[in-house]
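The values are calculated or read from the model by the stated rules, or taken from the named source; none is laboratory data. Quantities reported herein were computed from a predicted structural model and do not represent experimental measurements. We place every Cβ from the backbone using ideal geometry, glycine too, and count neighbours over all the protein chains shown.
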Amino acid sequence: MAQPQKVRVKNWHPPGHVRAPMYLRGKTGEIERELGPFGNPEELAYGHKASRRRLLRVRFTMGELWGAEAENPADILEAEIYEHWLEPINAS
Amino acid sequence: MPHDHPDHSHDADGLSPSGHPYRPDQDHKLTRWQAMEIAMRELLVEKGIVTAAEITATVEQMDRRSPADGAKVVARAWIDPDFKARLLENGTEAIREMGIEPGVLKLIAVENTPDVHNVVVCTLCSCYPRNLLGLPPDWYKQRAYRSRVVKTPRKVLAEFGLELPEKVQVRVHDSTADMRYLVVPGRPEGTDGLDEAALAGLVSRDAMIGVATARHP
């Protein structure tokens, strides 16, 4: 089986309605599964004709999200992130 | 506290004779959004797009949704491994197969096992699988739950009375976009003889959010 694709959530701070939570921005995780294309909420929120964007579930470790403050670094958090918020991290 | 003291009124302490606080009448001006809702509804009715009866029927239909539907799905998954596999593979299609119309719901079911405990939150707002569970509890929508369960899930679960051993991995699911989540709790021991309806009776709303386990019979 292929290794899960590693991705980083972009550390963008655009104004307006976005659905990438602040606490995940800049954090690295792995694609857990692909959910297919959905209307981009950043356009839908303003009544615009929305483009279709791939939505992905990304798995983060609590250690990655909270560092030394994590209760148990091996615990997991999963969230849905649109493709335009993700940048791939190539295995070095 | 409720008590009989005919010599004085209870208005002074703000409690009704049965000991409950009075809820003030809503005599304040309508908020902008209340006014907008009424204007939109009246226009839709006036223009013949919907009738008032249809609006009431839709509200009633929404009010009829309850955690009982989700509990039926969990009970079916407990007794039918093939159904459970389909539910975990494609939750939306699996509930349709049970006669529950998913509507706009896109469902991901996640299973609790001896090694993994799942819990659901929507940090951005209050996304919730209403078609399966009805209306969300107030705490689910409040900032305290939404901000704390993603950082200290074990502490939050302990406050709900659920202490998880260190060896159990916690998985928090933040419904940030289009999917909604159903936790399939573990089947309690000692339930081999129970039928599907009795099993469904063990599955609470909180167990399907992931802040509790299924009840023991």
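Suppose we keep only residues that are surrounded by 10 or more Cβ atoms within 10 Å (Cβ to Cβ) and hydroxyl-bearing (Ser, Thr, Tyr) within region B:22-68. Which one would you say is nearest to B:Ile95 (Cα to Cα)?
This residue is B:Ser66.
Please tell me if B:Arg86 is under 18 Å from the mean Cα position of the chain (by Cα) and away from chain A (no Cβ under 11 Å).
Here the answer is no, as B:Arg86 does not meet what is asked.
Of the residues A:Glu30, A:Glu34, which is of a type in the set (Asp, Glu), surrounded by fewer than 16 Cβ atoms within 10 Å (Cβ to Cβ) and free of Cβ contacts under 8 Å to residues at least 40 places away in the same chain?
So the residue among A:Glu30, A:Glu34 that is of a type in the set (Asp, Glu), surrounded by fewer than 16 Cβ atoms within 10 Å (Cβ to Cβ) and free of Cβ contacts under 8 Å to residues at least 40 places away in the same chain is A:Glu34.
Across region B:134-179, what is the number of residues that are at the interface with chain A (Cβ under 10 Å from one of its Cβ atoms), of a type in the set (Gly, Ala, Ser) and touching a residue at least 24 places away in the same chain (Cβ under 8 Å)?
Result for region B:134-179: 2.
Taking region A:60-92 only, how many residues are β-branched (Val, Ile, Thr) and surrounded by fewer than 16 Cβ atoms within 10 Å (Cβ to Cβ)?
Selection size over region A:60-92: 1.
Report yes if some residue within region A:48-55 is within 8 Å of chain B (Cβ to nearest Cβ) and farther than 14 Å from B:Arg171 by Cα; otherwise report no.
Yes, region A:48-55 contains a residue that is within 8 Å of chain B (Cβ to nearest Cβ) and farther than 14 Å from B:Arg171 by Cα.
Results for (1) of a type in the set (Phe, Trp, Tyr); (2) over 19 Å from the mean Cα position of the chain (by Cα); (3) farther than 28 Å from B:Arg64 by Cβ, shown as yes or no for each residue.
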residue: B:Val150; (1), (2), (3): no, no, yes
residue: B:Arg154; (1), (2), (3): no, yes, yes
residue: B:Arg171; (1), (2), (3): no, no, yes
residue: B:Pro185; (1), (2), (3): no, no, no
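Going by the structure shown, is A:Ala79 of a type in the set (Gly, Ala, Ser), in contact with a Leu (Cβ under 8 Å, 6 or more places away or on another chain) and at the interface with chain B (Cβ under 7 Å from one of its Cβ atoms)?
Here the answer is yes, as A:Ala79 does meet what is asked.
Which numbered condition in (1) within 14 Å of another protein chain (Cβ to nearest Cβ); (2) at pLDDT 95 or above; (3) out of contact with any helix residue (DSSP H, G or I) (no Cβ under 9 Å at 6 or more places or on another chain); (4) under 24 Å from B:Asn118 (Cβ atoms) is the only one that A:Ala68 fails?
Only one criterion in (1) within 14 Å of another protein chain (Cβ to nearest Cβ); (2) at pLDDT 95 or above; (3) out of contact with any helix residue (DSSP H, G or I) (no Cβ under 9 Å at 6 or more places or on another chain); (4) under 24 Å from B:Asn118 (Cβ atoms) is unmet by A:Ala68, namely (4).
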